[in-house]
1. When the helices in the chain are scored as -39500 (n - 2.57) per DSSP H run of 4 or longer and the sum is shared across all residues, what 222 nm value do you end up with, to the nearest 500 deg cm²/dmol?
2. Taking segment 84-174 on its own, what percent of its Cα-Cα pair distances exceed 21 Å?
3. Which angle between 0 and 90 degrees, to the nearest 10, do you get for helix 106-118 versus the longest principal axis of the chain when only C-alpha atoms count?
4. Please work out how much length the chain gains when fully extended from Glu5 to Thr94, using 0.36 nm per residue of separation minus the C-alpha to C-alpha distance, in nm with one decimal.
5. Counting other beta carbons within 10 Å of each Cβ, put Ser99, Ser153, Ser133 in order, fewest first.
6. Estimate the FRET efficiency between Gln160 and Lys85 by the formula 1/(1 + (r/R0)^6), using the beta-carbon distance for r and 30 Å for R0, to the nearest 0.05.
7. Relative to the first principal axis of the alpha-carbon coordinates of the chain, what is the inclination of helix 74-83, with its axis defined by its Cα atoms, in degrees from 0 to 90 and to the nearest 10?
8. Do me a favour and compute the ellipsoid semi-axes for segment 3-193 from its Cα gyration tensor, root of five times each eigenvalue, largest one first, whole Å.
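Every number here is computed from the coordinates shown, using simple stated rules; none is lab data. Every value quoted in this text rests on a predicted model; they were computed, and no experiment measured them. Counting neighbours? That spans all protein chains shown, and the Cβs are built from the backbone with ideal geometry, glycine included.
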Amino acid sequence: MMILEQLKLKTRQQHARLHQHPLLKGITQSEYSLARYIQLLKAYYEIYSAIETVLLQRQSQFKLDFDYQARYKLPWLYADLTDLKSSPSMIHPTLAKESAGFITTPEQWLGAAYVLEGSTLGASVISTCLQKSLRISPQYAGHFFNAYGLNTSKYWHEYQIFLANQPIVTTTKITDAASQTFDLFNQGLDLYAQ
């Protein structure tokens, strides 16, 4: 079984749980509120800050030939919160500590990156729905869900090729790190849903 198929299979439950989280559930529906959207962006800001900081640091450490800097999503979240006159916060330091703890090998880096890169795939559907329900656009408070815009499929394909071309001895570290990343997302969203 190819690594991408293993990742999908191993993380299916966590992925489904994430889609059912109260901050995400109904995001494509007209009754999704602006207040919930802001809470989601705040949670994502903290989660992405924790994970992307480690990915950027470890990319050079592991000498990975993959430009994650060009895929850095945190500025999009910052722009969205700024558009909505809301401030990002970093009030849960355990998220950063946890991500630094499980992204310690190139394989774990690949697993965490799988979740962050995969998160852009459904973004165009969400972006279209947010435009209708909340008047959020790619230029106003919708930078994050616009993702890479028309290049989203291209960027995902590039990640898949990069993943497939890695000299992988064992896939367990990759799939475990992807699972831990999904768990971190759920944990971070839980903190902001209270």
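1. Details: 9 runs with 129 residues, N = 194.
Mean residue ellipticity at 222 nm (helix-derived): -21500 deg cm²/dmol.
2. On the way: 2084 of 4095 pairs.
For segment 84-174, the share of Cα pairs beyond 21 Å comes to 51 percent.
3. 30
4. Working: separation 89, 0.36 × 89 = 32.04 nm, distance 3.05 nm.
Separation in residues times 0.36 nm, less the Cα-Cα distance, equals 29.0 nm.
5. Working: Ser99 24, Ser153 12, Ser133 18.
By the 10 Å Cβ count, ascending: Ser153, Ser133, Ser99.
6. On the way: r = 38 Å, r/R0 = 1.27.
Here the calculated transfer efficiency is 0.20.
7. Its long axis makes an angle of about 0 degrees.
8. On the way: eigenvalues 142, 60, 51 Å².
Semi-axes, largest first: 27, 17, 16 Å.
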